[in-house]
Amino acid sequence: MAGDGGPIGRLMQRGAVSHWTRAAERVAQAEPAALRRSRAQARRLRRALDRFLFAAEERLAAAGAEPRQEAIAPGTDWIWRPQLWRGPLPVPGHANAAPGTRIGEEIVLFHDSDLAEVSLRQVRAAETGGTPAPYALALDVFGFDGSYLSLALELPEAAAQGLRKRHVLRADLALDVERQVEVFLRLNVRHGPNTEQIVRELPAFNEAATVEFDLAYSRLNERRVERMWLDLIVDRPEMNRIELRDLTLSRRPRAAL
């Protein structure tokens with residue numbers, strides 16, 4: 001992308017702004033068929049603009065953020081920081097979030113509380129004390145009468161491609177909690193009709209943590225790996241605020257013995 005397209009590009013941009021401004025003013029007089037066509041056009045344009053804004057904000061945020069401090073292990077063949085921690089989401093949060101509420105394209109909230117006094121939102125890193133990631137996830141829980149609360153993170157296809165039992169999956173996190181609670185990470189690997197699950201507990205204090213999942217002792221069928229996801233499970237989350245200030249996942253083959 002070079003500059004802003006020069007005089008012709010700027011003229012086209014002003015024309016587009018004028019067109020949609022006039023279209024908004026004429027909605028009340030528009031015929032339903034024409035209005036449906038214009039609405040479809042506007043939705044396509046909004047999706048393109050949202051993609052551009054996310055990429056631009058991510059690039060600008062990364063330029064002003066501290067260099068990444070993750071210690072990349074030798075032999076790492078895949079590394080990924082999810083969307084929520086990289087750039088601004090079109091819908092940054094939800095209050096009174098019901099089970100199945102999605103934030104961004106990769107994270108889904110699950111719980112069984114009838115009270116549903118749960119909110120989750122994306123916040124700028126400046127609000128959480130600063131981390132290598134420009135954004136963070138804040139989870140606020142007030143009344144809660146359920147037995148579980150979890151956040152499910154869908155991993156991209158690249159995480160599952162070529163996955164072997166000799167791999168170690170690593171999660172680097174920065175977590176803050178107002179009141180100490182037990183927090184668990186559960187790695188789920190779907191292979192054929194079965195799902196392999198490995199659970200690890202996070203350290204009971206507020207700071208950066210590293211959790212590793214060694215697949216050596218799993219019953220993974222390497223030829224049938226389909227998808228992977230990670231659950232962050234909070235035990236007794238009521239009356240608490242949890243900020244996941246950073247999350248980076250990576251994969252490496254275990255050193256040969």
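The values are calculated or read from the model by the stated rules, or taken from the named source; none is laboratory data. If you're wondering where the values come from, they're calculated on a predicted model, not measured in any experiment. Note that each Cβ is placed from the backbone with ideal geometry, even for glycine, and that neighbours are counted across all protein chains shown.
Below, the figures for the structure above:
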quantity	calculated
Wholly within the stretch 140-229, strands (runs of 3 or more DSSP E) carrying at least 1 residues that are within 22 Å of Ala73 (Cα to Cα)	167-177, 183-191, 194-201, 207-214
Residue ID - modelled with the lowest pLDDT, chosen from residues in the stretch 2-16 that are surrounded by 10 or more Cβ atoms within 10 Å (Cβ to Cβ) and aliphatic (A, V, I, L, M)	Leu11
Test set (1) farther than 19 Å from Leu151 by Cα; (2) buried (at least 18 other Cβ atoms within 10 Å of the Cβ) - Met228 fails condition number	(1)
Residue match in the stretch 128-138 (condition: β-branched (Val, Ile, Thr), more than 23 Å from Gly100 (Cα to Cα) and modelled with pLDDT of 95 or more)	no
Hey, Arg102 in contact (Cβ under 8 Å) with a residue 24 or more places away in the chain and of a type in the set (Lys, Arg) or not	no
Residue pairs meeting the criteria (Cβ under 6 Å; at least 6 apart or on separate chains; first more than 30 Å from Leu115 (Cα to Cα), in the stretch 228-257; second among the hydrophobic types (A, V, I, L, M, F, W, C) and surrounded by 22 or more Cβ atoms within 10 Å (Cβ to Cβ))	Met228/Ala159; Met228/Val189; Arg251/Leu169
Filter result for Glu196 (within 20 Å of Asp231 (Cβ to Cβ), surrounded by fewer than 16 Cβ atoms within 10 Å (Cβ to Cβ) and of a type outside the set (Val, Ile, Thr))	no
Failed item in (1) among the polar types (S, T, N, Q); (2) over 24 Å from Ala73 (Cβ atoms); (3) surrounded by 16 or more Cβ atoms within 10 Å (Cβ to Cβ), with Thr248 passing the rest	(2)
